[in-house]
Amino acid sequence: MLTRRHVLAGLGAGAGIAALPLRLAMAATPGDRRFVLVILRGGMDGLAAVPPYGDRELKELRRGQLAIAEPGQPDGALDLGGKFGLHPALAPLHEFYKRNEMLVIHAACSAYRGRSHFDGQDVLESGVATPHGARDGWVNRALAALQDPSGTRQGLALGQTVPLALRGRVPVASWSPSDLPAVEPGLMQAIAMIYQRDALLGPALAEGLKSQAFADEVMNDGQRMNQAPGAGAQQFKQAAAAAGKLMAPANGPKLAVMDIGGWDTHANQGGARGRLANVLQILAEGLKDLADGLGPAWSKTVVLVMTEFGRTAAVNGTGGTDHGTGGVAFLLGGAIAGGRVLADWPGLSGGKLFEGRDLMPTTDLRSVAKALLIDHLGVPAKAVEARVFPDSADAKPMARLLRV
C-alpha cells in the first residue's frame, strides 16, 4: 500500500532522489556481488565493543562500571582468538566470526583527527581528508565508476534521508518505513491515470508505483511499507531486514547504505549491560536480520560497519567516555575471509595514546574501503585513487580481506 510519503518519494520531492522502479533500475555489479555500508553515528566505543583484554593497561583505564570481564567469566567478552574479545551484547556477530564471516579491524579511523561529530561524519562519508571538502559521497562516486552506458542505477538508501556517502550525481532509490496512514486501494493508480499525459508527473508516478510493486512483491510476509517506525535504533532493525529482502533477488539493488545512532555515550555508558550494550545488541540483531534476508546472496555480500571516531581510553567523571580517535570497524559477509582481528596494535599506555587520551589510529578506513571497491565490486583501481578517494595515496588498499 502506498502512502503520501512514498508518493512524494516517487516525485523526488526536495531530496534529489530518483525513485526508480527497483525491478528495472538496479543493474548487477560485477559478479552479481552485494555491498552494504552501515554508519554508526555518534562515535562507537571500540574499546568496549572489542575490548583488548590482553593489554594490561585496559583494566586500569576501564575500571568500575565500564569494565567488561575477560572471556570465560560471567558476562565476559566473547573470545576472538586471544588478546581481543567481543562485547557480550554482540553475541549474534560472534556466530559470524566463528563461521569465518566476520573480520574485526581495530585501531581504525578515517582521515579526520578532530572531535566534532558533524565534521567527523562528513569526512567519513565524503571520502576526502578535510571536512566539507566534497559535496558528494565516496559510495556515489564509486557508483559513477561502475555505471554502464545505459545509465542504470544500483544504489539504495535505507532510512529517512539519503546519507552523504550515497549522495552525488548518480541517482539512487530509497526505502524507509513510514508512520503516515495508507491511502485507499486503487487511489494512486487513479491519480496516475489522471496525470499520465503530464510530462513530469506522469512518468514519476508510474515509476513510483512500479517501485512500490517490486517492494511489496519481495517483502511478501505481510510487512507493509507504511509500517510505523519505532525509535531510531529499532528502525535500524526494520531497515536492515528490508535491505536483505530487497537485495536478495537477482534483479534487486546490489549496493545499500544505512545508519544507526545512539553511540554518543558521554554518561552512564555501562559495561556488559546498560546503555551501550542495548544499542550494540540492536546493531547485532539488525545485521543478523540483514544476512537472513539476503539468503543465498549472503555468500556474495560484504558489509562494512564503521563510525566517525572512537572514544577516550579512560572513563570520564559521569560514567561514560568522550570523543576520541581510534576505533573499530567490522567486515561481515560470506565473501569475507573472516575469523580474524586485524590490528597494528599501538598499546594503551600513556605514552602510546593519541594526544595522551585516545587509542592511536594505525589503520586508515579508506584503505579498507578501497580494497572492497576494487577487489569485491570491481571498481577500477585508477578510478578509486583518482576520483573515489582523491589525495589518499598513503592509504594503500588492504590485502587479503576477501575469500579467494
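The values are calculated or read from the model by the stated rules, or taken from the named source; none is laboratory data. Note that this is a predicted model, so its numbers are computed, not measured. Don't worry about glycine lacking a Cβ; one is built from the backbone with ideal geometry, like all the others, and counts go over all protein chains shown.
Things to note:
- Contacts under 7 angstrom Cβ, first residue in segment 339-352 being among the charged types (D, E, K, R), partner surrounded by 18 or more Cβ atoms within 10 Å (Cβ to Cβ) and modelled with pLDDT of 95 or more, 6 or more apart: 340/103; 344/107; 344/363; 352/360
- Restricting attention to segment 129-143, the residues that are touching a residue at least 60 places away in the same chain (Cβ under 8 Å) and under 18 Å from residue 326 (Cα atoms) add up to 1.
- Only listed residue being farther than 20 Å from residue 62 by Cβ, surrounded by fewer than 24 Cβ atoms within 10 Å (Cβ to Cβ) and either β-branched (Val, Ile, Thr) or touching a Leu at 6+ places or on another chain (Cβ under 8 Å) (or both), chosen from 284, 250, 243, 256: 284
- Segment 30-82, residues that are in contact with a Pro (Cβ under 9 Å, 6 or more places away or on another chain), crowded, with 21+ Cβ neighbours inside 10 Å and not in a loop (DSSP other than H, G, I, E, B): 34, 37, 39, 80
- Some residue of segment 341-348 being among the small types (Gly, Ala, Ser) and at negative phi: yes
- Matching helices (runs of 4 or more DSSP H) fully within segment 83-164 where at least 2 residues are of a type in the set (Phe, Trp, Tyr) and crowded, with 22+ Cβ neighbours inside 10 Å: 91-98
- One residue from 285, 217 being modelled with pLDDT of 95 or more, over 30 Å from residue 404 (Cβ atoms), part of a helix (DSSP H, G or I) and acidic (Asp, Glu): 285
- Across segment 91-137, the qualifying residues are those that are closer than 16 Å to residue 329 by Cα and among the acidic types (Asp, Glu), and the one among them that is farthest from the chain's Cα centre (by Cα) is 101.
- Residue list for segment 136-160, filter: out of contact with any strand residue (DSSP E or B) (no Cβ under 9 Å at 6 or more places or on another chain) and modelled with pLDDT of 95 or more: 136, 138, 141
- Restricted to segment 385-404, and to residues there that are of a type outside the set (D, E, K, R) and assigned to a helix (DSSP H, G or I), the residue that is nearest to residue 300 (Cα to Cα) is 388.
- Residue check for residue 272: at pLDDT below 95, over 21 Å from the mean Cα position of the chain (by Cα) and in a loop (DSSP other than H, G, I, E, B): no
- Restricting segment 220-240 to residues that are crowded, with 16+ Cβ neighbours inside 10 Å and of a type in the set (A, V, I, L, M) leaves a set whose member that is modelled with the lowest pLDDT is 225.
- Near pairs, Cβ below 6 angstrom, 6+ apart or cross-chain, from segment 273-284 (under 11 Å from residue 87 (Cα atoms)) to any residue that is assigned to a loop (DSSP other than H, G, I, E, B) and modelled with pLDDT of 95 or more: 276/265; 276/269; 276/270; 277/270; 280/87
- Single unsatisfied condition, residue 317 versus (1) without any contact (Cβ under 8 Å) to a residue 24 or more places away in the chain; (2) farther than 25 Å from residue 60 by Cα: (2)
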